[in-house]
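Take a look at the structure below.
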Amino acid sequence: MEREAAAKRIAELSEQLEHHNHLYYVEARPVISDQDFDLLMKELEALEAKWPDLASPNSPSQRVGGDITKEFNTVPHRWPMLSLSNSYNSEEVAEFVERIAKEYGAVTFTLELKYDGVAISLTYEHGELVRGLTRGDGEKGDDITANVRTVRSIPLRLRGDPPAELEARGEILMGRKEFEKLNEQREEDGEELFANPRNTTAGTLKLQDPKVVAKRGLQNYIYSLQTEPLPSRSHYGNIMYCRELGFRTPDPAKRFIEQADSLEGIMAYIAHWDHARHELDIAIDGVVIKVDNIDLQEEMGLRSKSPRWAIAYKFQAEQKFTRLHGVEFHVGRTGAVTPVALLDPVELAGTTVKRASIHNADQIAKLDLHIGDMVQVEKGGEIIPKITAVDVSRRPSGALPLTYPARCPACGTPLVRDEGVAQHYCPNEHACPPQIVRRIEHFVARKAMDIDGLGGETVEALFQAGLIHNVADLYDLQQSQLLNLGKGWGERSTQLIIDGIAASKAIPFERVLFALGIRHVGETVAKKIARAVGNMERLASMSVVELQEIDEVGTVVATSIRDFFNADGNRHIVERLRAAGVNFAVDPSDEISQSDLLKGLTFVVSGVFETFTRDGIKLAIEENGGKVSGSISRKTSFVVAGAGMGPAKKAKAEELGVKVIDEVELRRMIEA
Ligand code: IVH
């Protein structure tokens with residue numbers, strides 16, 4: 001293709017992709033399938049790879065994250081970023097409204113949610129996003145443009161006929177679901193959990209790798225517009241104008257924004273959201289009340305750092321008193337010891353609370369907690385409630401202070417606390433029961449060795465019975481030993497376990513690596529390492545420096561891997577796993593070519609295959625750019641049928657006109 005034609009096609013594709021992106025992330029009404037979207041994106045990426053100078057920094061291809069940001073430059077704000085003065089009760093809101101009414105007569109207010117995220121300022125020149133700045137000190141902020149480009153609801157180019165320069169301001173947020181997903185992953189990877197969505201958003205926006213930011217699913221709402229002249233003299237009107245330009249603005253139909261001209265209207269809005277906020281996926285911590293008329297705003301002016309024409313009503317974090325009847329010290333897979341408060345059940349923010357997190361020893365000391373205390377629990381931005389105060393006057397006489405144990409509650413080993421780390425750890429990796437059990441649980445889990453028939457309870461029981469002390473012991477288990485355990489250990493269930501263990505020897509190396517539970521080596525990192533290194537022997541012999549050369553492996557991961565293999569106990573277990581026949585190398589026949597041959601196609605696999613395991617066939621499809629789905633629909637491109645595929649599936653495929661192929665045909669498609 002000629003350069004000129006390429007430029008034209010790049011422009012077309014970029015426009016189409018941004019259009020579909022807008023429909024999906026801003027309007028939540030996509031009109032094309034993910035596959036079709038991916039096809040367009042692939043075409044754009046291919047053209048940009050061929051003509052790099054035609055690739056704009058605002059290309060939709062940048063949504064997945066551009067180059068590493070070495071440092072965030074500090075840039076002055078063209079218009080200072082103000083903050084809001086807070087009020088916590090209705091009297092203060094009433095005062096605010098009455099003062100304005102007295103001085104200016106009838107006034108219309110725009111009411112908005114107060115998003116509990118991170119403020120952002122977005123500058124557009126001639127409709128192109130040129131800068132994304134944090135609030136900083138209000139005068140100047142950090143340039144986080146590369147990270148901002150990955151937030152799908154922030155337009156890279158504006159629609160319509162925008163002014164030559166404009167700045168839109170709003171909040172970047174992480175939804176609860178995304179937040180929980182992220183924390184589940186971190187728990188699995190043995191990493192410290194994030195406290196709440198707001199901190200996580202702030203941390204995410206300061207990451208140097210936009211590719212990681214892109215995966216965090218951040219979202220955005222716009223709540224203010226700066227440009228000269230403003231398109232409307234009504235704040236509400238300006239927000240609606242932002243919507244026309246393609247921004248994600250609060251939706252009036254959901255009451256994210258509305259207008260009121262009386263105190264009653266304002267209080268009704270507050271009352272609605274004080275209740276309804278618990279059902280939102282995003283965190284809000286109040287309601288913002290703004291004088292709508294911009295002329296009036298200008299007349300009213302500013303205090304030092306906040307406008308006189310707006311006020312934030314902050315919701316009370318829901319708090320209640322209940323009795324602390326005990327504490328449990330939970331020992332995790334990595335040895336981290338976390339105190340959990342046991343409470344008399346209490347209703348809080350729509351859920352029954354029985355446990356609360358007490359983060360660490362410092363907090364126990366600060367609150368001076370005693371068993372039997374009446375404690376105040378609060379559910380603020382955090383998902384897990386926390387203890388915020390103690391009513392000392394109601395302390396039962398003779399109550400014992402809650403002390404942080406010096407030794408591991410499970411094995412008695414003195415706990416260690418590294419400098420700068422809030423957590424205590426039990427260093428007795430190889431003999432501390434809960435650590436062992438949790439490590440074995442992790443090993444047999446679905447995403448790891450996927451051993452059928454073994455779950456948390458069975459692992460615990462086998463450990464209690466003295467049959468397993470580490471993951472290698474699993475491979476020495478005999479069915480007779482299991483049958484001897486008595487009730488509940490029948491012929492069928494024990495056979496399932498033995499078969500499951502035997503079958504796990506065929507699990508791909510990358511999952512074996514993940515299953516070992518090396519700290520900081522999660523699923524994705526394990527995959528990268530397995531592919532880069534090829535086998536366990538080589539991995540075990542690599543130095544920290546060599547390890548760091550692997551994509552996505554930094555000092556922390558590299559050191560953790562080296563430490564793992566340096567420990568005799570671990571080396572011995574790894575050796576026994578090898579002897580048992582566990583897969584320690586990337587299988588060359590399994591090493592499916594990576595390609596884009598199946599890009600845009602969705603497959604449903606069903607039945608048993610001769611030349612693939614069930615996971616193997618899914619991996620083969622994904623590695624070649626295809627998608628695997630669980631059920632047949634109109635979106636399905638092919639059903640790959642193995643032996644024993646059910647008649648219902650066959651009928652469904654026929655009914656929808658979906659082509660059914662066998663594994664030979666699939667191989668032909670990817671070997672083409
Ligand atoms: S307006 C001049 N509107 O609250 C007023 N701010 O202390 C400037 N915030 O850091 C802000 N939701 O990040 C405005 N609907 C909303 C908001 C909002 C959340 C945040 C904003 C700012 C803080 C104000």
message: Cβ contacts < 7 Å: first residue of a type in the set (S, T, N, Q), restricted to segment 444-460; second residue buried (at least 16 other Cβ atoms within 10 Å of the Cβ), any location; separation 6+ or different chain. Result?
response: none
Among residues of segment 225-249, those that are out of contact with any helix residue (DSSP H, G or I) (no Cβ under 6 Å at 6 or more places or on another chain) and buried (at least 20 other Cβ atoms within 10 Å of the Cβ), counted: 9
- prompt: Which ranges mark the helices (runs of 4 or more DSSP H) fully within segment 115-218 that have 1 or more residues being within 13 Å of the chain's Cα centre (by Cα)?
  reply: 176-188, 197-205, 210-214
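Working only within segment 440-469, note down all residues that are under 20 Å from A579 (Cα atoms) and either aliphatic (A, V, I, L, M) or at pLDDT 95 or above (or both). Give the derivation first.
Step one: list which residues in segment 440-469 are under 20 Å from A579 (Cα atoms), which gives 440, 443-444, 448-451, 467-469.
Matches in segment 440-469: I440, F443, V444, A448, M449, I451, L467, I468.
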task: Of all residues in segment 12-59, count the ones that are among the hydroxyl-bearing types (S, T, Y) and farther than 26 Å from E2 by Cβ.
output: 3
Count of segment 82-95 residues which are in a helix (DSSP H, G or I) and within 16 Å of the ligand (Cβ to nearest atom): 2
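Taking the condition of a type in the set (D, E, K, R) and in contact with a Pro (Cβ under 7 Å, 6 or more places away or on another chain), does R186 pass?
On the way: of a type in the set (D, E, K, R): yes; in contact with a Pro (Cβ under 7 Å, 6 or more places away or on another chain): no.
Judged against the criteria, R186 is not a match.
Per-residue answers, yes or no, for (1) farther than 11 Å from T110 by Cα; (2) outside any helix (DSSP H, G or I):
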site	(1), (2)
A268	yes, no
H272	yes, no
V287	no, yes
K290	no, yes
S304	yes, yes
Failed condition for V291, given (1) at pLDDT 95 or above; (2) surrounded by fewer than 21 Cβ atoms within 10 Å (Cβ to Cβ); (3) of a type outside the set (S, T, N, Q): (2)
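Give the residue that is farthest from the ligand (Cβ to nearest atom), with candidates limited to residues of segment 306-337 that are polar (S, T, N, Q) and either over 30 Å from P414 (Cβ atoms) or without any contact (Cβ under 8 Å) to a residue 60 or more places away in the chain (or both). Talk me through it step by step, then tell me what you get.
Applying the first criterion (polar (S, T, N, Q)) to segment 306-337 yields 306, 316, 319, 322, 334.
Filter once more, so that each one left must be either over 30 Å from P414 (Cβ atoms) or without any contact (Cβ under 8 Å) to a residue 60 or more places away in the chain (or both): 306, 316, 319, 322.
Working: S306: 7, Q316: 17, Q319: 22, T322: 31 Å.
It comes out as T322.
Conditions (1) within 16 Å of the ligand (Cβ to nearest atom); (2) of a type in the set (G, A, S), marked per residue:
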{"site": "K50", "(1), (2)": "no, no"}
{"site": "A55", "(1), (2)": "no, yes"}
{"site": "N58", "(1), (2)": "no, no"}
{"site": "G65", "(1), (2)": "no, yes"}
{"site": "P76", "(1), (2)": "no, no"}
{"site": "P80", "(1), (2)": "yes, no"}
{"site": "V107", "(1), (2)": "no, no"}
message: Out of everything in segment 470-496 that is acidic (D, E) and at pLDDT 95 or above, what residue ends up being farthest from E575 (Cα to Cα)?
response: D476
Pick from segment 366-391, criterion free of Cβ contacts under 8 Å to residues at least 24 places away in the same chain and not in a strand (DSSP E or B), ranking: surrounded by the fewest Cβ atoms within 10 Å (Cβ to Cβ): K366
- line: Checked segment 549-558 for anything surrounded by fewer than 17 Cβ atoms within 10 Å (Cβ to Cβ) and over 12 Å from K528 (Cα atoms); matches are G554, T555, V556
task: Could you identify the single residue in L598, L619 that is in contact with a Gly (Cβ under 9 Å, 6 or more places away or on another chain) and closer than 30 Å to K649 by Cα?
output: L598
query: Limited to segment 274-305, what total is found for residues that are within 12 Å of the ligand (Cβ to nearest atom), farther than 18 Å from R233 by Cβ and touching a strand residue (DSSP E or B) at 6+ places or on another chain (Cβ under 9 Å)?
result: 8
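Mind checking which residues of segment 636-672 are among the basic types (K, R) and surrounded by 14 or more Cβ atoms within 10 Å (Cβ to Cβ)? Steps first, answer last, please.
Of all residues in segment 636-672, those among the basic types (K, R) come to 649-650, 652, 659, 667-668.
Within segment 636-672, K649, K650, K652, R667 meet the criteria.
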message: I'd like to check something: does segment 377-398 contain any residue that is in contact with an Asp or Glu (Cβ under 9 Å, 6 or more places away or on another chain) and within 16 Å of the ligand (Cβ to nearest atom)?
response: yes
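Out of curiosity, is F247 in a loop (DSSP other than H, G, I, E, B), under 30 Å from Q16 (Cβ atoms) and either in contact with a strand residue (DSSP E or B) (Cβ under 8 Å, 6 or more places away or on another chain) or away from the ligand (no atom under 13 Å from the Cβ) (or both)? Please lay out each step first, then the result.
Working: in a loop (DSSP other than H, G, I, E, B): yes; under 30 Å from Q16 (Cβ atoms): yes; either in contact with a strand residue (DSSP E or B) (Cβ under 8 Å, 6 or more places away or on another chain) or away from the ligand (no atom under 13 Å from the Cβ) (or both): yes.
Taking the combined requirement at face value, the residue satisfies it.
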message: Just the residues that are buried (at least 17 other Cβ atoms within 10 Å of the Cβ) and at pLDDT 90 or above, please, taken from segment 396-408.
response: C408
task: Report, by residue number, each residue of segment 130-175 that is over 21 Å from Q219 (Cβ atoms), acidic (D, E) and within 16 Å of the ligand (Cβ to nearest atom).
output: D137, E139
- line: Residues of segment 201-212 being away from the ligand (no atom under 15 Å from the Cβ), buried (at least 20 other Cβ atoms within 10 Å of the Cβ) and farther than 24 Å from E125 by Cα, in sequence order, are T204
message: Pull out all pairs, ordered by first then second residue, where Cβ-Cβ is under 6 Å, the residues are six or more apart or on different chains, the first lies in segment 406-433 and is among the small types (G, A, S), and the second is modelled with pLDDT of 85 or more.
response: A410/V331; A410/C432; A410/P433; A410/P434
task: Identify the residue in segment 479-517 that is loosely packed, with under 14 Cβ neighbours inside 10 Å and among the basic types (K, R) and, among all such residues, is nearest to I451 (Cα to Cα).
output: R492
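Working carefully through the options T134, T123, T150, T108, find the one that is free of Cβ contacts under 8 Å to residues at least 60 places away in the same chain and of a type in the set (S, T, Y). Steps first, answer last, please.
Values: T134 fails: free of Cβ contacts under 8 Å to residues at least 60 places away in the same chain; T150 fails: free of Cβ contacts under 8 Å to residues at least 60 places away in the same chain; T108 fails: free of Cβ contacts under 8 Å to residues at least 60 places away in the same chain.
Of the residues listed, the single one that is free of Cβ contacts under 8 Å to residues at least 60 places away in the same chain and of a type in the set (S, T, Y) is T123.
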message: Quick check on this structure: which one of F109, F96, F72 is surrounded by 15 or more Cβ atoms within 10 Å (Cβ to Cβ), under 30 Å from G554 (Cα atoms) and in contact with a strand residue (DSSP E or B) (Cβ under 8 Å, 6 or more places away or on another chain)?
response: F72
field: Close pairs from segment 338-356: first over 24 Å from E279 (Cβ atoms), partner among the hydroxyl-bearing types (S, T, Y) and modelled with pLDDT under 90, Cβ under 9 Å, at least 6 apart
entry: T338/S357; P339/S357; P339/Y404; V340/S357; A341/S357
field: Condition broken by E441, with the remaining ones in (1) in a loop (DSSP other than H, G, I, E, B); (2) in contact with a helix residue (DSSP H, G or I) (Cβ under 6 Å, 6 or more places away or on another chain) satisfied
entry: (1)
- request: Identify the residue in segment 305-326 that is more than 30 Å from I294 (Cβ to Cβ) and at pLDDT below 90 and, among all such residues, is surrounded by the fewest Cβ atoms within 10 Å (Cβ to Cβ).
  value: Q316
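Can you say whether K599 is within 30 Å of V212 (Cα to Cα), buried (at least 18 other Cβ atoms within 10 Å of the Cβ) and under 33 Å from the mean Cα position of the chain (by Cα), as far as the supplied structure shows? Full working, then the answer.
Numbers: within 30 Å of V212 (Cα to Cα): yes; buried (at least 18 other Cβ atoms within 10 Å of the Cβ): no; under 33 Å from the mean Cα position of the chain (by Cα): yes.
Criteria not met by K599.
The values are calculated or read from the model by the stated rules, or taken from the named source; none is laboratory data. Being a predicted model, the structure only gives us computed values, none of them experimental. So basically every Cβ, Gly included, is an ideal-geometry build from the backbone, and we count neighbours across all protein chains shown.
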